[in-house]
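One structure below.
The values are calculated or read from the model by the stated rules, or taken from the named source; none is laboratory data. The structure presented is a predicted model; accordingly, all values stated were derived computationally and were not measured. Note that each Cβ is placed from the backbone with ideal geometry, even for glycine, and that neighbours are counted across all protein chains shown. Areas reflect the complete protein model, heavy atoms only, side chains present, ligands, DNA and RNA absent. Shrake-Rupley method; radii C 1.70, N 1.55, O 1.52, S 1.80 Å.
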Amino acid sequence: MADKSFLAWPFFEERHRRLADEAERWAADNIAALADHHDIDGSCRRLVEAMGAAGFLAHAAPEDVRFDVRSLCILRETFARHDGLADFAFAMQGLGTGALTLSGSDALKRRVLPGVRAGETIAAFALTEPEAGSDVAQIALKATPAGNDMIRLDGEKIWISNGGIADHYVVFARTGEAPGAKGLSAFFVPADTPGLVIAERLETIAPHPLARLTFDDCCIPTTNRIGNGGDGFKIAMATLDVFRSTVGAAALGFARRALDVTLDRARSRQLFGGPLADLPLTQTALAEMATAIDTSALLVYRAAWTRDAGAPRITREAAMAKMVATENAQEVIDRAVQIHGAEGVRSGSVPETLYREIRALRIYEGATEVQKLIIARQLLSQVA
């Protein structure tokens, strides 16, 4: 059961409703066959290829800089409701090339984006380091001139999504134009560049392709720089400004699936001489789950609409959407596990799978605690 009543909200246009229907039909017909969680790497490749063939990746890697964030959110919510790996595969094509779409040279865009859009190549976003996660200003990977219009990269990245299967990476490195965040730049690095090594594949509670990367005398042309020297932090934040709201949309997809299966369970499970749904405590839980989902959806699609309406930055709106949607989804899914009882913790059950899937969303692209700092700083800057 897919509740699409929210699409009647004034945030959306008819094209968004058509996209939601198209995505739902495609997901119902294809995702279960493509997403084999015993073959994570192969599943991601198959999903990317199929999404490209279906035309969905044109939203993740548009031909110009005009992302339609509402479309991205609708697609992530739909795919996440069907399968977390499908959402991951779609999202990383956008996040992994967002810096190029927003700030890359025309030559780089022509070289890279058509393959991403078609699902022929897999993209990755290499920002995080062992000592630089939420605090991007601490990035230590060095980019130094290497002569003959080349740049040399030395250092490491960790927790890189699509690490090990990506065809290319957007890498953020310290170029030293100024201290801290103002001394970073962004680079396009093909996966087969000598000196770039997949040092370690990383496993998590919800399996996805993740890796630690090392760069040792890894040389790329200066033409592979994205934007100007010293613009790396600004480019990273602009990219996250687009995609942070979509993390909230993925959380919405997980939460809606949790509510759907919980409604089925509450109606079918007999307890104390009647359906579990007849108990006031169950009804209270269901009401709170539904309210949390609508609260999240309003914030997610408010942020997306604000960006699409032309706001240059939606830092505060995106942070609120990401924070509330992921935290609410965690609570909704926890209630789903509780109402399912022992079945809720059975390995492979829908509630158990969602319980593992949702946890990372409260951390990546800025942990909840970081979102609170962002919101507070935005408020304080407005007062100042």
Per-region count, region 42-61, residues open to solvent by less than 40 Å² (accessible area, probe 1.4 Å) and in contact (Cβ under 8 Å) with a residue 40 or more places away in the chain = 10
For region 1-24, what are the residues that are of a type in the set (Lys, Arg) and under 22 Å from the mean Cα position of the chain (by Cα)?
-> LYS4, ARG17
Inside region 219-234, can you point out the residues that are assigned to a strand (DSSP E or B) and over 28 Å from the mean Cα position of the chain (by Cα)?
-> CYS219, PRO221
Got at least one residue in region 128-143 being touching a Leu at 6+ places or on another chain (Cβ under 7 Å), open to solvent by less than 10 Å² (accessible area, probe 1.4 Å), touching a residue at least 40 places away in the same chain (Cβ under 8 Å) and within 21 Å of ALA61 (Cβ to Cβ)?
-> no
Mind listing whichever residues of region 52-72 are more than 11 Å from GLY94 (Cβ to Cβ) and of a type in the set (A, V, I, L, M, F, W, C)?
-> ALA53, ALA54, VAL65
When both residues are 6+ apart or on different chains and their Cβ atoms are under 9 Å apart, which pairs have a first residue that lies in region 75-87 and is outside any helix (DSSP H, G or I), and a second that is of a type in the set (Phe, Trp, Tyr) and open to solvent by less than 10 Å² (accessible area, probe 1.4 Å)?
-> none
Within 19 Å of TYR364 (Cα to Cα) and at pLDDT below 95, is that true of ALA206?
-> yes
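Okay, residues lined up against (1) hydroxyl-bearing (Ser, Thr, Tyr); (2) buried (at least 20 other Cβ atoms within 10 Å of the Cβ):
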residue: GLY273; (1), (2): no, no
residue: LEU281; (1), (2): no, no
residue: THR284; (1), (2): yes, no
residue: GLU288; (1), (2): no, no
residue: ALA311; (1), (2): no, no
residue: ALA321; (1), (2): no, yes
residue: LEU354; (1), (2): no, yes
residue: LEU361; (1), (2): no, yes
Does region 165-202 hold any residues that are open to solvent by 30 Å² or more (accessible area, probe 1.4 Å) and at pLDDT 95 or above, and which are they?
-> ASP167, ARG174, THR175, ALA191, ASP192, PRO194, VAL197, ILE198, ALA199, GLU200, ARG201
Note on LEU259: of the conditions (1) assigned to a strand (DSSP E or B); (2) among the aliphatic types (A, V, I, L, M); (3) open to solvent by less than 40 Å² (accessible area, probe 1.4 Å), unmet is (1)
Considering region 63-74, residues that are of a type outside the set (Lys, Arg) and in contact (Cβ under 8 Å) with a residue 40 or more places away in the chain, and then whichever is farthest from GLU13 (Cα to Cα), we arrive at GLU63
Within region 112-127, which residues are in contact (Cβ under 8 Å) with a residue 24 or more places away in the chain, at negative phi and not hydrophobic (A, V, I, L, M, F, W, C)?
-> GLY115, ARG117, GLU120, THR121
Quick one: ALA342 ticks every box in (1) small (Gly, Ala, Ser); (2) more than 26 Å from ASP135 (Cβ to Cβ); (3) in contact with a Lys or Arg (Cβ under 9 Å, 6 or more places away or on another chain) bar one, so which box is it?
-> (3)
ASP216: passes all of (1) open to solvent by 40 Å² or more (accessible area, probe 1.4 Å); (2) part of a helix (DSSP H, G or I) but (2)
Could you give me the residue pairs with C-beta distances under 7 Å whose first residue belongs to region 18-39 and is touching a residue at least 40 places away in the same chain (Cβ under 8 Å) and under 19 Å from ARG70 (Cβ atoms), whose second residue is of a type in the set (Lys, Arg) and open to solvent by less than 80 Å² (accessible area, probe 1.4 Å) wherever it lies, and which are 6+ apart or on separate chains?
-> ALA20/LYS4
